Amino acid sequence: MQPKQLWSLLSRILSKLLGLPGILLKKFRKEGVTELDATALLELPQDVLMDIFGTLEVPDLIRAGSVCSSWYATYKCLLDLRQYKQPQTPCLFYTCESAGSNVGFLYSLKENRSYKLTLPEPPIRSRLLIGSSNGWLITADERSELHLVNPITGEQVALPSVITIEHVKPIFDASGTIHMYELSYETPPDLFDLGDLRDELYFKAFVFPDPSTTGSYIVVLIHEPYSRLSFARPGDDKWTWVGQGSMG
């Protein structure tokens, strides 16, 4: 990060921490009142840096993480512990055919610009987006399997298989490979191709912090039939169906 960019970033941080308007900090800089001791800034304790980083918008947080190895370690720790709770200006996530199947873009309303992101397989452009919350996108791939993906860090988590959702059964071909799905509930079953089930089965998904475990989360899925609820935690090998209730 260039000195001018670092100053711009620190100005926004100081403005939030001290309650000073940005224009006043610029005035200080011009008059030489503020002299940055880069070494001291880079050696701030991690707990102090985490408090500072927790005040930043996502683009500034990413920039802060690129300043040096200690700041990156703090940035990574903040995300790993899921202690980053700063309310964010909404961003728009989108893909573009010409950019490639594994590339997504995040448009920042705060900065009026887009950021290019390379994401892991399966191709993000071929996935169905069924929800976004707490920094995660919930996607269904071309086999109707669900993944969490963090577009900022590139982290991806495979969720329990679609065949563990209540009312979904696999149909095997002669070689023992799943080639269709069966969906049924108090009606004759319907058969779906691997990529078609996601359009019929999934309504919406959400990610919630798990109060019982620090840094963990619960994924809640609204799905057919009749807007049923299922949930899963990290490490679960199947979806847990909430039961007979309906979302109406």
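The values are calculated or read from the model by the stated rules, or taken from the named source; none is laboratory data. Note that the structure is predicted; figures quoted are calculated from it, not measured. With ideal geometry, Cβ positions are generated from the backbone for all residues, glycine too; neighbour counts draw on all protein chains shown.
Would you check if Arg198 is surrounded by 15 or more Cβ atoms within 10 Å (Cβ to Cβ), of a type outside the set (Gly, Ala, Ser), touching a residue at least 24 places away in the same chain (Cβ under 8 Å) and not in a loop (DSSP other than H, G, I, E, B)? Here the answer is yes, as Arg198 does meet what is asked.
Counting the residues of the stretch 145-192 that are assigned to a strand (DSSP E or B) and out of contact with any His (no Cβ under 8 Å at 6 or more places or on another chain) gives 15.
Please go through the stretch 142-154 and give me each residue that is under 15 Å from Ser126 (Cβ atoms) and in contact with an Asp or Glu (Cβ under 9 Å, 6 or more places away or on another chain), ordered by number.
The first filter runs over the stretch 142-154 and keeps only residues under 15 Å from Ser126 (Cβ atoms), leaving 142-147, 149.
If the condition is that a residue be under 15 Å from Ser126 (Cβ atoms) and in contact with an Asp or Glu (Cβ under 9 Å, 6 or more places away or on another chain), then Ser144, His147, Val149 are the ones that fit.
So how many residues does the stretch 158-198 have that are among the hydroxyl-bearing types (Ser, Thr, Tyr) and over 13 Å from Pro225 (Cβ atoms)? Write out each step before concluding.
If we filter the stretch 158-198 for residues that are among the hydroxyl-bearing types (Ser, Thr, Tyr), which is where we start, we get 161, 164, 175, 177, 181, 184-185, 187.
Restricting the remaining residues to those that are over 13 Å from Pro225 (Cβ atoms) gives 161, 164, 175, 177, 181.
So the answer is 5.
Only one entry in Thr55, Thr74, Thr118 is under 16 Å from the mean Cα position of the chain (by Cα), of a type in the set (S, T, N, Q) and either within 30 Å of Ser144 (Cβ to Cβ) or not assigned by TED's automatic domain parsing to the domain that holds Leu194 (or both), namely Thr118. For residues in the stretch 103-144 being touching a Ser or Thr at 6+ places or on another chain (Cβ under 6 Å) and assigned to a loop (DSSP other than H, G, I, E, B), which is farthest from Pro160 (Cα to Cα)? Applying the filter and picking the extreme gives Lys110.
If you go through the stretch 92-109 and pick out every residue that is loosely packed, with under 14 Cβ neighbours inside 10 Å and under 23 Å from Leu61 (Cβ atoms), you end up with 3.
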